[in-house]
Amino acid sequence: MKSFSIPLKIINLQDDGFHLLVEIVVFKQKHFAVLDTGASRSVFDKALIETHLSESLQIFDEINAATLFTTTTTIQATLPELKIGKLKIKDYETVAFDLQSVSETYQQFGHPPIISIIGGDILMQYQAVINYNTLELILTK
């Protein structure tokens, strides 16, 4: 088993608690994602997925994923590669929602835009350990 240490960025959003951001690479571009231990699965921004995978999308109405958000339309897609630090996840099956309003909220408070929420599916599969003292996410493959 190999462990990967990934740096985290902690932000305070409106004195409403702390959010953890992790840098990810999707479609060979760096982005920030929110690390959400309460989300059952990871989701990506619908616009990002539609831009890069428009030919291979599956769209379903009235499916709600148990994350911070609910929607009446869910897009399912397969990312060719998702990188979190040095961990590479090939052919990652995901769902996409409109995360634009969430990203705009972050930006209004001077934080980077986000394009994803990394949730329990990835955190569980890769035995995630969050170290708040060192601001590291440890994933094991």
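Only residues that are of a type in the set (A, V, I, L, M, F, W, C) and closer than 25 Å to Phe27 by Cβ were counted across segment 103-138, and they come to 9.
Among the residues making up segment 36-59, a single one is part of a strand (DSSP E or B) and exposed (fewer than 11 other Cβ atoms within 10 Å of the Cβ): Gln58. Cβ-Cβ distances below 6 Å connect the following pairs, each with a first residue in segment 12-35 that is in contact (Cβ under 8 Å) with a residue 12 or more places away in the chain and surrounded by 16 or more Cβ atoms within 10 Å (Cβ to Cβ), a second residue that is not in a strand (DSSP E or B) and not aliphatic (A, V, I, L, M), and a separation of six or more residues or different chains: Phe32/Pro112. Residues that are in a loop (DSSP other than H, G, I, E, B) and closer than 19 Å to Leu48 by Cβ within segment 16-30 comprise Phe27, Lys28, listed in sequence order. Would you call Leu48 closer than 20 Å to Tyr132 by Cα and either out of contact with any helix residue (DSSP H, G or I) (no Cβ under 9 Å at 6 or more places or on another chain) or of a type in the set (A, V, I, L, M) (or both)? No: the conditions fail for Leu48. When each of Glu104, Glu93 is tested for being of a type outside the set (Lys, Arg) and in contact with a Pro (Cβ under 9 Å, 6 or more places away or on another chain), the lone residue that passes is Glu104.
For segment 72-114, the tally of residues that are part of a strand (DSSP E or B) and charged (D, E, K, R) stands at 6. One residue stands out among those in segment 78-118 that are among the aliphatic types (A, V, I, L, M), out of contact with any Asp or Glu (no Cβ under 7 Å at 6 or more places or on another chain) and more than 15 Å from Glu23 (Cα to Cα): the one that is surrounded by the fewest Cβ atoms within 10 Å (Cβ to Cβ), which is Val102.
Pairs are defined by a Cβ separation below 8 Å, a sequence spacing of at least 6 or placement on different chains, a first member in segment 121-132 that is polar (S, T, N, Q), and a second member that is buried (at least 18 other Cβ atoms within 10 Å of the Cβ); the pairs so defined are Gln127/Leu139; Asn131/Leu137. Scanning segment 116-132 for residues that are part of a strand (DSSP E or B) and more than 13 Å from Asp36 (Cα to Cα) yields a single hit, Asn131.
Return yes or no: is Leu137 under 13 Å from Val34 (Cβ atoms) and touching a Gly at 6+ places or on another chain (Cβ under 8 Å)?
yes
Each reported figure results from applying straightforward, stated rules to the coordinates on display, with no laboratory input. In this text, all values refer to a predicted model and were calculated from it rather than measured experimentally. Cβ sites come from the backbone with ideal geometry, for glycine too, and all protein chains shown count toward neighbours.
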